[in-house]
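The values are calculated or read from the model by the stated rules, or taken from the named source; none is laboratory data. Just so we're clear, the structure is a prediction, and the values are computed from it rather than from any experiment. We place every Cβ from the backbone using ideal geometry, glycine too, and count neighbours over all the protein chains shown.
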Amino acid sequence: MNEIELKAHIEAAFADRALLKQPEYKQAVLTLVELLDTGKLRVATQQAVGSWTTHAWIKQGVLLYFAVAEMQKTHAGPLEFYDKIPQKHDLDRFGVRVVPPGAIRYGAFVEPGSIVMPGFVNIGAYVGAGTMVDTWATVGSCAQIGKDCHLSGGVGIGGVLEPPGAQPVIVEDGCFIGSRAIIVEGMMVEREAVVGAGVALTASTAIIDVTGPEPVEYRGRVPSRSVVIPGMRTKRFPAGEYQIACALIIGQRKESTDKKTSLNAALRDFNVSV
């Protein structure tokens, strides 16, 4: 079944779940997830820095997988699990280092040379070569993480499965994401950006560039090579004025940080204590 036929079967089954009772439609779903697992398909593809196309039909296939997969019991030593989606196997063949109890779910693809500490990579996600998913960091369903990134301890990259046409969270090549940062709701962090510890980025978060004479506000994306820290700003409510969270762009990444692997060092170039 070629990609055009696969797409047609997935879209038809998503519109009418009864079709999944027919072997060819169920097999289309299983084939799609296998192609995601081996990196031959991915949920979103890049055209340029900050420009991506989301393939809704592939996300539809991931959703359908939950309808056709059967619950099964698995073990890791004395630990027992009961789930529909197995763990990724043949990690040595894929060239991926996973430190116990790190987990990559079947249907996710992690390029060779990446490291998953005791973190988690969910179905549909894609992680580029040389990226570190650090301790207790999570890469949500269908998230796209670039090459040579560092997701520091406790980072939360949200999953975006529904609606199928919605953009997943995207972190482009060479980004540093600080400890306990949260990036959700289809946010895009463009190439080589630095996101400081504790920054929360959602679709509605105001991302304010404060480097010029007047603030410049972004939503939904962090511009390439920006250095971002948590911030607060005043907002008036009926009950009075209160401080609400935002994110501040305090500068651009310097040449001196290009080859550094330390997020702390990159932020200290801007005299930010971390």
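Consider ALA103 carefully, then state whether it is in contact (Cβ under 8 Å) with a residue 24 or more places away in the chain and either hydrophobic (A, V, I, L, M, F, W, C) or surrounded by fewer than 21 Cβ atoms within 10 Å (Cβ to Cβ) (or both).
no
Condition first: more than 15 Å from the chain's Cα centre (by Cα) and in contact (Cβ under 8 Å) with a residue 60 or more places away in the chain. Can you find one or more residues in region 44-53 that meet it? Yes, region 44-53 contains a residue that is more than 15 Å from the chain's Cα centre (by Cα) and in contact (Cβ under 8 Å) with a residue 60 or more places away in the chain. Take LEU263 and decide whether it is under 22 Å from LYS147 (Cβ atoms), within 21 Å of the chain's Cα centre (by Cα) and at pLDDT below 95. Yes: the conditions hold for LEU263.
The test for being surrounded by 14 or more Cβ atoms within 10 Å (Cβ to Cβ) and either of a type in the set (Gly, Ala, Ser) or within 20 Å of GLY146 (Cβ to Cβ) (or both) does not hold for TRP57. Taking LEU35, is it of a type outside the set (Ser, Thr, Tyr), under 29 Å from ILE145 (Cα atoms) and out of contact with any Pro (no Cβ under 9 Å at 6 or more places or on another chain)? In short, yes. Residues that are within 14 Å of GLY39 (Cα to Cα), in a strand (DSSP E or B) and charged (D, E, K, R) within region 86-124 comprise just one, ARG105.
Contact annotation: residue pairs with Cβ atoms under 7 Å, 6 or more positions apart or on different chains, pairing a residue in region 1-23 that is within 15 Å of LEU41 (Cβ to Cβ) with a partner that is β-branched (Val, Ile, Thr), are MET1/THR31; LEU6/THR31; ILE10/VAL29.
Annotation: LEU161 fulfils all but one of (1) aliphatic (A, V, I, L, M); (2) surrounded by 20 or more Cβ atoms within 10 Å (Cβ to Cβ); (3) modelled with pLDDT under 95; the unmet one is (2).
Consider region 178-188 and keep the residues that are under 10 Å from the mean Cα position of the chain (by Cα) and part of a strand (DSSP E or B). The one that is surrounded by the fewest Cβ atoms within 10 Å (Cβ to Cβ) is MET188.
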